[in-house]
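Asker: I have a structure here, written as structure tokens, and I will follow up with some questions on it.
The values are calculated or read from the model by the stated rules, or taken from the named source; none is laboratory data. These numbers come from a predicted model, not from an experiment. FYI the Cβ positions are ideal-geometry reconstructions off the backbone, even for glycines, and counts take in every protein chain you see. These area figures cover heavy atoms from the full protein model, side chains too; ligands, DNA and RNA do not enter into them. Shrake-Rupley method; radii C 1.70, N 1.55, O 1.52, S 1.80 Å.
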Amino acid sequence: MTMKAIRVHEFGGPEKLMLEEVPEPKPGAGEVVVQIKAAGVNPVETYQRVGQYPTLPKLPWTPGQDAAGIVHSVGGGVTGLKVGDRVYVAGSLTGTYAEYSLSNESQVHPLPAKVTFQQGAGVGIPYGTAYRGLFQRAKAIPNEIVLVNGASGAVGTAALQLARAYGCLVIGTAGSDKGLSLVEEHGAHYAFNHSAADTPERIGRIAQTRGKQGPDVILEMLANKNLATDMKMLGRHGRIVVIGNRGNIEINARDIMGKDGAILGMSLPYASDAERASIYSALNAALEIGVAKPVVSREYALKDVAQAHKDIMESSSHGKLVLLP
């Protein structure tokens, strides 16, 4: 049997994403094949496609690690899943830009009936990144001030929801009225335009009402633009988690030294097996009780994946972009 899948035979622009017929994957021991109903598009896949990422896939390659669908077949030793189960995928052995995807059992999780397949495709990387950044790297605790800088994207909205539910005072920034409305809707106590000159001052005044110099935690989606300002805004003993970066920036280390603060890098693939199990155990509960509500902004046919790769790199991209095989 064959299926439709996106294949990349050489690194380059969006035109390198080719729709082809390939063999359907077959599950081995401990593996699960999922019929994909929706696949998530993430910025990391555009970096890999271009060939500018620390770990590059072996070509030819089918992109994608996020998806949701129905269990199609299972291999020997799989006990927690059965054919017909609604699931979301947080990791794939064969890529999720396809009609079927092969994963290890540990990468496949139950999808509550109230969560759509499109929403399920927005869980794996966005919510996994937000959770790891907030709780495993920054070690945020209730009553701390959390600033999500660039909060209208898929990771940002996930971070807002999780931080708000955890009892933090949440501030989010975005670059448009639409983005600011989204930020407020998904958990921010305060929403500011990150381009406004007085935004750092306004955030500082909010912190002062809590007896603090600035935010305890800053999740940064565009460090090459904002890191120097983040360091100046940060509260004492604060932590900046760098989630996204697209270039170089000049900083003054004294701005972090004087806060006794920390700048932490973050990469979801480097989570240990135990950390990954912890992340998705928490997220499964968050989905089940309605804390996690993925925001889907645009849907594309599989053949239109090149446009999705262009759109996700635009600053106007809000929420999650998904492919519908």
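Asker: Could you give the length gained on full extension between residue 195 and residue 113, defined as 0.36 nm per residue of separation minus the Cα-Cα distance, in nm?
Answerer: Full extension of this stretch gives 25.6 nm more.
Asker: Helix 223-233 sits at what angle to the longest principal axis of the chain, using alpha carbons and giving 0 to 90 degrees rounded to 10?
Answerer: Taking the Cα atoms of the chain, the angle to 223-233 is about 30 degrees.
Asker: If you line up the long axis of helix 199-209 against the longest principal axis of the chain, both from Cα atoms, how many degrees apart are they, to the nearest 10?
Answerer: 70
Asker: With a 10 Å radius around each residue's Cβ, average the other Cβ atoms per peptide and rank 88-101, 293-306, 243-256, highest first.
Answerer: Top of the packing list down: 88-101, 293-306, 243-256.
Asker: When the Karplus curve 6.51 cos²θ - 1.76 cosθ + 1.60 is applied with θ = phi - 60°, which whole-Hz ³J(HN,Hα) does each residue of segment 27-34 get, with x for Gly and Pro?
Answerer: So the Karplus estimates, Gly and Pro as x, are x, x, 4, x, 10, 9, 9, 10 Hz.
Asker: Specify the residue with the greatest mean-square fluctuation among 106, 152, 195, computed from a Gaussian network of the chain linking alpha-carbon atoms under 10 Å apart.
Answerer: Maximum among the listed residues: 195.
Asker: Going by accessible area, probe 1.4 Å, with all protein chains left in place, what is the ranking of 198, 260, largest first?
Answerer: Ranked list, largest accessible area first: 260, 198.
Asker: Percent antiparallel among DSSP beta bridges with both residues in the chain, to the nearest 5?
Answerer: Within the chain, antiparallel bridges account for around 55 percent of the total.
Asker: Here is a further query. Give the aspartates and glutamates reachable from residue 37 as a straight Cα distance under 20 Å; neighbours fewer than 8 places away on the same chain don't count.
Answerer: 20, 21, 24, 45, 66, 85, 99, 105, 288, 299, 304
Asker: Separate question: How many nm separate the modelled label positions at residue 250 and residue 232, each set 7 Å beyond the Cα in the direction of the Cβ?
Answerer: The modelled label-to-label distance comes out at 1.4 nm.
Asker: Also: What do you get for Rg/Rh of segment 1-143 when both radii come from the Cα atoms and Rh is the Kirkwood radius?
Answerer: 1.00
Asker: Which entries of 178/310; 114/139; 26/293; 16/178 have Cα-Cα distances beyond 23 Å here?
Answerer: 114/139; 26/293; 16/178
Asker: Continuing with this model, one more query. What distance in nm separates the simple spin-label points at residue 53 and residue 304, each placed 7 Å from Cα in the Cβ direction?
Answerer: So the two model labels end up 2.3 nm from each other.
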